[in-house]
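Notes follow once the structure below has been shown.
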Amino acid sequence: MIREQLYSCGGVVVNVAQASMDGPPMLLLHGVTRRWQDWLMTIPLLAPRWTIFALDFRGHGRSKFTSGYRVVDYATEVIAFLREHSRQPVVIVGHSLGAMVAAVAAAEVPDRVRAIAMVDPPFETLGSRRQETSWMSFFRGLQPFAGSSVPVSVIARELAEVRICGPKTPPVRLGDTRDGAALRFAARCLKQMDPGVFDSILDGSWLNGYDRREILSKVRCPALLLQGQESLGGMLTDADADEALGWMADCTRVRVPGVGHQIHWMQPETTYRLLTAFFESIEPL
């Protein structure tokens, strides 16, 4: 059974789902525009071994709408949760935004984090290179639906018609890259999302205060870096992954072929296998 509870974390009320009551704690962090349910295909695989906590970031899901939607802002409630509500050090699995936040937590509260797994963090794909990709058109296409009162079915139909394009790529209909069920899930996530989440992404301030080299250099715990296939939509570039390997004290990089950015969503069993192999290599408390 999965139950949800609201926590006050550093002044922000966040929703946290918990599965299982046995085993060491694992914290799951979703990507921007999603919510904790993004991990539902992975949680049943992990719960027999771990006590699972899955958090809705501020402005997402059932967590409070607030101000401040930079990566470093999201990290504040995670760090507060670890300090105020975690009884023992955790392992953290983060996807995309969640991966970048996991690194901040490991750097800032190393006594509360045993190890981290970073699933396709975007890094400079949503920073200095953001205008070179199709991701800006993707987020602009999603923004009008955030916080909408329109039914999920209507939003899903309209999302299917959103055109995604880059400076050197022709427009692609979103409905031609995602199935109807995935579009409905995206629609539901957007209905529960603060429209302000998109502002810092689109105006280029999302990474303000996020010094990638400084943060990753301070991560001393073991780290797993999963990289999707860039040609299929993976956001972690080889250049960013190479730099992360050079800066982090103990980082294992695994390229996951045949899948883009949504590694855990499209290949949950592969994700489970990699996470299990990695976390079972960590020394017990």
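For residue 45 and residue 163, a Förster radius of 41 Å and the Cβ-Cβ distance give a FRET efficiency of 0.70, rounded to the nearest 0.05. In order along the stretch 145-150, the phi-based Karplus estimate (6.51 cos²θ - 1.76 cosθ + 1.60, θ = phi - 60°) of 3J(HN,Hα) comes to 9, 5, x, 5, 9, 6 Hz; Gly and Pro are listed as x. Taking Cα centre as origin and charging only the Cβ of basic (Lys, Arg, +1) and acidic (Asp, Glu, -1) residues, the dipole magnitude of the chain rounds to 560 debye. Taking label positions 7 Å along the Cα-Cβ direction at both residue 131 and residue 109, the computed distance is 3.8 nm, reported to one decimal. For chymotrypsin sites (Phe, Trp or Tyr not before Pro), no site in the stretch 55-142 is both called loop by DSSP and has at most 12 other Cβ atoms within 10 Å. Give me the percent of Cα-Cα pairs in the stretch 174-285 that sit more than 24 Å apart, rounded to a whole number. Roughly 43 percent, rounded to a whole number. Over the chain, Cα pairs under 8 Å with separation of 6+ residues give a relative contact order of 18 percent.
Shown in residue order for the stretch 30-35 are the 3J(HN,Hα) couplings computed by the Karplus curve 6.51 cos²θ - 1.76 cosθ + 1.60 at θ = phi - 60°: 7, x, 5, 6, 9, 7 Hz (x for Gly and Pro). Backbone amide hydrogens, once placed in the peptide plane, bring residue 51 within less than 5 Å of 26, excluding anything fewer than 5 places away on its chain.
Overall, the stretch 130-200 carries a charge dipole of about 100 debye about its Cα centre when +1 sits on the Cβ of Lys and Arg and -1 on the Cβ of Asp and Glu, all other atoms neutral. Restriction of the trypsin sites (Lys or Arg not before Pro) in the stretch 130-190 to DSSP coil positions whose beta-carbon has at most 11 other beta-carbons within 10 angstrom yields 168. Label positions at residue 283 and residue 202, each projected 7 Å from the Cα along the C-beta direction, are separated by 4.9 nm. Neighbour counting of Cβ atoms within 10 Å sorts the residues 41, 26, fewest neighbours leading, into 41, 26.
Taken along its three principal axes, the alpha carbon spread of the stretch 93-140 comes to 39, 17, 14 Å, from the longest extent down to the shortest. Magnitude of the charge dipole for the stretch 1-142, about its Cα centre and with charges confined to Cβ atoms of Lys, Arg (+1) and Asp, Glu (-1), is about 180 debye.
With helices as the sole contributors, the chain gives -10000 deg cm²/dmol at 222 nm; each DSSP H run of n ≥ 4 counts as -39500 (n - 2.57), and the sum is divided by every residue. The order of 154, 162, 104, going from fewest to most other C-beta atoms within 10 Å of their C-beta, is 154, 162, 104. Scanning the chain for GluC sites (Glu not before Pro) lying in DSSP loops with no more than 13 further Cβ atoms inside 10 Å, the longest uninterrupted stretch between such sites is 1-160.
Rounded to the nearest Hz, the phi-derived 3J(HN,Hα) couplings of the stretch 85-93 under the Karplus curve 6.51 cos²θ - 1.76 cosθ + 1.60 (θ = phi - 60°) are 10, 8, 7, 8, x, 10, 9, 10, 10, where x marks glycine and proline.
Loop-located trypsin sites (Lys or Arg not before Pro) in the stretch 14-99 (DSSP state not H, G, I, E or B) with no more than 12 neighbouring Cβ atoms inside 10 Å: 87. Between residue 188 and residue 255, the modelled labels are 3.5 nm apart [label points 7 Å from Cα along Cα→Cβ].
Just so you know, all these numbers are worked out from the coordinates, no wet-lab data involved. Quick caveat: nothing in here was measured; it's all calculated off a predicted structure. Heads up, the Cβs are rebuilt from the backbone with ideal geometry, glycines too, and the neighbour counts pull from every protein chain shown.
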